[in-house]
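Accompanying notes for the structure given below.
The values are calculated or read from the model by the stated rules, or taken from the named source; none is laboratory data. Quick caveat, the model's predicted, so the values are computed rather than measured. Here the Cβ is made from the backbone with ideal geometry for all residues, glycine too, and neighbour counts use every protein chain on show.
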């Protein structure tokens, strides 16, 4: 019977490995692993339920984007409408009166010519 | 006219799936889980939880911390599932996440237990050979190792991970993992070298 080193360069290192494996052995009972898997999935489930606000937030984001787009469209439409109104006002105020007095003047001139002719004919 | 084959006439032998079959099945599970099928993710949990526990156990101080790290790791993996590329190995990706969760727990515990006695650190989940001198001395030797060296020797010698895999998990270069393993073994040999056994 001899004594020899169990650990070390000349020893049986597999003893160390075996001892490490025994020390770090995972539970072998299948029920343990089933229970751990259930606990993990419960946490995952809670996490998913806890994040119910995520889809809501996504919809809110879409809503904000849609509202922004609607606002932009509305402001463009408003600007165009103002432009159109301004043009109409320009035409109404600036262009229309310029032609109307001319016509009146012509009519007046025509009327005064007639009057002059009439006066000339009936004049003694 | 050909008769329809009776699939139930002869029972098919139940053989374990080959590696490529297992990988293909895992890919299907991952894709389904990414589309929101929780049952597919539950199946991934059942397939990977033991190995994930081993990774966490190598890094954390206690069995309870390892359990917490596994749960947190799977939760993080579930949240990050849309960033996972199915052509990757799911196991390697998951192990990195679990290892990070275990390292985080270790850091938190370090802060929390700054004043605690060192006896609380690195005790094994079970001590099947409590009266064995080698085991007793090994526990003491592991306790004295730096945390990373302890993780490296357990991941390599107990779980059989390669230096490269360990490096990826712990976020260190492969060469560092190799050198950590060398130093850890040397320290344990020094510690346990005088143990003698009868042959």
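Numbers at a glance
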read-out: Tally of residues being surrounded by fewer than 22 Cβ atoms within 10 Å (Cβ to Cβ) and within 11 Å of another protein chain (Cβ to nearest Cβ) across the stretch B:142-156; value: 0
read-out: Qualifying residues in the stretch A:14-29 (those that are over 14 Å from residue B:51 (Cα atoms) and more than 8 Å from chain B (Cβ to nearest Cβ)) - the one modelled with the highest pLDDT; value: A:29
read-out: Failed item in (1) within 60 Å of the chain's Cα centre (by Cα); (2) at pLDDT 65 or above, with residue A:102 passing the rest; value: (2)
read-out: Tally of residues being farther than 23 Å from residue B:22 by Cβ and at the interface with chain A (Cβ under 9 Å from one of its Cβ atoms) across the stretch B:37-65; value: 3
read-out: Flag for residue B:166 being without any contact (Cβ under 8 Å) to a residue 40 or more places away in the chain, away from every other protein chain (no Cβ under 12 Å) and not in a helix (DSSP H, G or I); value: no
